[in-house]
Amino acid sequence: LEACRTCVGEDFRKLRTRVFIPGDGKVPRTAAALCLHTPASWKCTSIDPRMVGEGNEAAFYGEYVAARIRCFRSLSQNFVLRLPSTQSARDAPTSFSPGRSRSSPRDPLPRRSFSEENRSDGETGDREDTRDTGDRRGGGGSTAAAGTREEGLENAEGVEKQGGQEREEDYEEVDLCVLLAVHSHAPLQEFFERMQRAYANRSRCGFLCVSLPCCGSEGFLAGAPVVRFEDPAVLSHCREVLVYFSPSHAS
């Protein structure tokens, strides 16, 4: 929320915001915590390969949660985002190009390409025992996901749908689009770029990424963060918070 004030310069309580949380665990804990501190205009999409309650959030978590949090059982790479028209998708801003983050000198691990590794491992960290440890058999899901995205770019109407059903994320217009990752193993760079393309003409203020990396290099974006600090309230030695911001063309 402080990142909203610093980067966007607007009161977060007045913003219509979509928050994507890849690697949120078996239950949407990060999303729930965020909803406690934000108004109803903030909606969350929790994504994890071991998520429970997809499509049945009210039964699992109650009506209040279901009104603001949508759960998807999927790797972040396989979560499909609707693209705008073909030309808009190609012209959409990509402020952070793929590659290893220049902002993480303490991280000795190179950024891996999931197409080369057929990455299908888990996305969430070991912060809690309910978090995903992932399927490490290498099923090649990322290659299929890449193909889906390419097909979406060439689609005459520029439409991608998750499971063939239109979702609220496919057509909504927001003031701010946020990628939030707390000790997540999801590849943030890849998701952030797709989020930018999908919301290119639908996010008035732009795109914010808030990450608390834990291990590896997937918790960083390629560009330098606009803000970085350690939060003593985080009960972990991995308590550094990185904030990235990419304004929209309109702003």
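The values are calculated or read from the model by the stated rules, or taken from the named source; none is laboratory data. If you're wondering where the values come from, they're calculated on a predicted model, not measured in any experiment. In this analysis, Cβ positions are derived from the backbone assuming ideal geometry, glycine residues included, and neighbour counts consider all displayed protein chains.
For this structure, a couple of remarks:
- Residues of the range 5-29 classified as in contact (Cβ under 8 Å) with a residue 12 or more places away in the chain and in contact with a Cys (Cβ under 9 Å, 6 or more places away or on another chain), total: 13
- Qualifying residues in the range 196-210 (those that are within 16 Å of Arg16 (Cβ to Cβ) and polar (S, T, N, Q)) - the one modelled with the highest pLDDT: Ser203
- With respect to the conditions (1) free of Cβ contacts under 8 Å to residues at least 60 places away in the same chain; (2) touching a strand residue (DSSP E or B) at 6+ places or on another chain (Cβ under 9 Å); (3) within 20 Å of Leu176 (Cβ to Cβ); (4) outside any helix (DSSP H, G or I), Ala32 lacks only one, and its number is (4).
- Flag for Ala59 being within 18 Å of Leu179 (Cβ to Cβ), without any contact (Cβ under 8 Å) to a residue 60 or more places away in the chain, among the aliphatic types (A, V, I, L, M) and out of contact with any helix residue (DSSP H, G or I) (no Cβ under 8 Å at 6 or more places or on another chain): no
- Residues located in the range 197-230, provided they are surrounded by fewer than 23 Cβ atoms within 10 Å (Cβ to Cβ), in contact with a strand residue (DSSP E or B) (Cβ under 9 Å, 6 or more places away or on another chain) and not in a strand (DSSP E or B): Arg202, Cys214, Gly223, Ala224, Pro225, Val226
- Number of the condition not met by Gly23 [criteria: (1) under 20 Å from Val243 (Cα atoms); (2) surrounded by fewer than 21 Cβ atoms within 10 Å (Cβ to Cβ); (3) among the small types (Gly, Ala, Ser)]: (2)
- Residue under evaluation Ala233, criteria (1) under 16 Å from Leu1 (Cα atoms); (2) at pLDDT 90 or above; (3) of a type in the set (Gly, Ala, Ser), criterion not met: (2)
- If the condition is being farther than 23 Å from Lys14 by Cα and part of a helix (DSSP H, G or I), then the range 183-196 contributes Leu188, Gln189, Glu190, Phe191, Phe192, Glu193, Arg194.
- Condition check for Phe79: surrounded by fewer than 23 Cβ atoms within 10 Å (Cβ to Cβ) and in contact with a Gly (Cβ under 6 Å, 6 or more places away or on another chain): no
- Among residues of the range 224-246 that are in contact (Cβ under 8 Å) with a residue 12 or more places away in the chain, those with a Cβ under 6 angstrom from a residue that is of a type in the set (Phe, Trp, Tyr) and surrounded by 15 or more Cβ atoms within 10 Å (Cβ to Cβ), sequence gap 6+ or separate chain, pair up as Pro225/Tyr244; Val226/Phe245; Ser246/Phe207.
- If you filter the range 1-29 down to residues that are of a type in the set (Gly, Ala, Ser) and not in a helix (DSSP H, G or I), you find that the one that is farthest from the chain's Cα centre (by Cα) is Gly9.
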